[in-house]
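Below is one structure, written out as structure tokens, with a few remarks after it.
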Amino acid sequence: MIVEPARRDEFLALLQENYGSAMSPAEFDWWFDGNPSGPRVLNEARDDDGTALGVLAMSCFRMNHGLAAYAVHAVTTPAARGRGVFSTLELHNEQQAAAAGAPWAFGFTNPLAGPILVGKLGWEDLTSLRIWVRPKRVRRTGHGDLRVAPGVGPFGEQHAASHAAHHIVRDAEYLTWRYVDSPRPYVRFETDGGWAVVTHAVWHGYSSAVICDAVGDGVGGLLRRCVGAVDADLAVAMVNPGEERTYLLAGFVPTPRTIRFIGKRLTDDAPPLPKERRAWHFTLGDLDFF
């Protein structure tokens, strides 16, 4: 088995072939090459005859406690089954991330990757991130779109957001990359002391207004503007401890659906990772698929 840096077009072709969909070339260039926080970690495994077996990726982001590598896209082919391809690529990526200065790795994992990462590769369960929704239609249609023209103006230091809990650093550079430079469509609303970003996506078959971020003063009103800006079956958000009342008053309710958040110390001197929900602050904008 040969492990080497992955090429964009082959990676996207593998995603399309195995999952039926893939990010666009423009999205790839933005996400992996435009990220201001750290280097691209993207490696592929090939058989001795050159046949592609799989590709795994990590993206680095600055947290308030240091650089961290997030496991993002992963794809393996049927020819890779039973050969340890996923584990080999993952451990290779972790070594590369640690060499780039990331003492921790994190993941918003799924039922396929989670059991391998936690059960075999030394990752730990940290917490569950509950999803909240606000219904907009009686029946699911799966159809919808933004009702206003997409567009996000420049971010300045006045938009920077910080929290007591562990979080991805949201300074002007990061926010500009995440929402302004992105080829994906976003809309931003603002008050004198707050702002929110929303987009449209299909989430588990539901046409959804995705609340990517909602920060500062007047969040309740910002949430209502975000919900109204999207023709959708429902609105979806990730609600952090202390935010529950604001979202309830805006019509959101907790659902049984959660995201499994896991982590791993990549260096011996990395501090232990907390396992309480209140220790972490995340939004749907922190995920790679919205």
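The values are calculated or read from the model by the stated rules, or taken from the named source; none is laboratory data. The structure displayed is predicted, hence computed values, not measured ones. So basically every Cβ, Gly included, is an ideal-geometry build from the backbone, and we count neighbours across all protein chains shown. Protein only, heavy atoms only, side chains kept; ligands, DNA and RNA dropped before computing areas. Shrake-Rupley method; radii C 1.70, N 1.55, O 1.52, S 1.80 Å.
So the values come out like this:
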read-out	value
Enumeration of residues in segment 6-31 that are touching a strand residue (DSSP E or B) at 6+ places or on another chain (Cβ under 6 Å) and at pLDDT 90 or above	Ala6, Phe11, Leu14, Leu15
Residue satisfying condition, being in contact (Cβ under 8 Å) with a residue 12 or more places away in the chain, open to solvent by less than 30 Å² (accessible area, probe 1.4 Å) and either within 24 Å of Phe32 (Cα to Cα) or out of contact with any helix residue (DSSP H, G or I) (no Cβ under 7 Å at 6 or more places or on another chain) (or both), within set Gly218, Gly142, Gly193	Gly142
Residue list for segment 8-44, filter: touching a residue at least 24 places away in the same chain (Cβ under 8 Å) and closer than 20 Å to Gln95 by Cα	Phe32, Asn35, Ser37, Gly38, Pro39, Val41, Leu42, Asn43, Glu44
Conditions (1) loosely packed, with under 14 Cβ neighbours inside 10 Å; (2) part of a strand (DSSP E or B): number failed by Val72	(1)
Residue count, segment 53-87 (criterion: in contact with a strand residue (DSSP E or B) (Cβ under 9 Å, 6 or more places away or on another chain), over 20 Å from Ser24 (Cα atoms) and small (Gly, Ala, Ser))	5
Evaluation of His281 against (1) crowded, with 20+ Cβ neighbours inside 10 Å; (2) within 24 Å of Leu112 (Cβ to Cβ); (3) under 16 Å from the mean Cα position of the chain (by Cα) (one fails), failing number	(2)
Pairs where the first residue, in segment 196-211, is open to solvent by less than 10 Å² (accessible area, probe 1.4 Å) and the second is modelled with pLDDT under 95 and assigned to a strand (DSSP E or B), C-beta under 6 Å, 6+ apart	none
First in segment 261-286 and at positive phi, second anywhere and among the basic types (Lys, Arg), Cβ under 9 Å, 6 or more apart	none
From Thr109, Thr77, residue being among the polar types (S, T, N, Q) and surrounded by fewer than 19 Cβ atoms within 10 Å (Cβ to Cβ)	Thr77
Residue in segment 11-34 that is closer than 17 Å to Asp181 by Cα, assigned to a strand (DSSP E or B) and within 17 Å of the chain's Cα centre (by Cα) present	no
Qualifying residue in segment 45-56 (condition: part of a loop (DSSP other than H, G, I, E, B), more than 20 Å from His92 (Cβ to Cβ) and either touching a residue at least 12 places away in the same chain (Cβ under 8 Å) or in contact with a Lys or Arg (Cβ under 6 Å, 6 or more places away or on another chain) (or both))	no
Test: residue in segment 166-177 that is over 15 Å from the mean Cα position of the chain (by Cα) and touching a residue at least 60 places away in the same chain (Cβ under 8 Å)	yes
Residue within segment 171-181 that is open to solvent by 10 Å² or more (accessible area, probe 1.4 Å), part of a loop (DSSP other than H, G, I, E, B) and within 19 Å of Leu67 (Cα to Cα) present	yes
Answer residue from segment 145-165, given it is open to solvent by less than 30 Å² (accessible area, probe 1.4 Å) and within 15 Å of Ala214 (Cα to Cα) and is nearest to the chain's Cα centre (by Cα) among those	Ala161
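Listed here are the residues, each with its yes/no results for (1) closer than 23 Å to Glu124 by Cα; (2) aliphatic (A, V, I, L, M); (3) open to solvent by 20 Å² or more (accessible area, probe 1.4 Å); (4) touching a His at 6+ places or on another chain (Cβ under 9 Å).
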site	(1), (2), (3), (4)
Val239	yes, yes, no, no
Thr246	no, no, yes, no
Ala250	no, yes, no, no
Ile259	yes, yes, yes, no
Asp269	yes, no, yes, no
Arg277	yes, no, yes, no
Asp288	yes, no, yes, yes
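So that you can scan it fast, the table gives a plain yes or no per residue for (1) open to solvent by less than 40 Å² (accessible area, probe 1.4 Å); (2) touching a helix residue (DSSP H, G or I) at 6+ places or on another chain (Cβ under 9 Å); (3) within 28 Å of Gly82 (Cβ to Cβ):
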| site | (1), (2), (3) |
| --- | --- |
| Asp29 | no, yes, no |
| Gly34 | yes, yes, no |
| Asn64 | no, no, no |
| Leu67 | yes, yes, no |
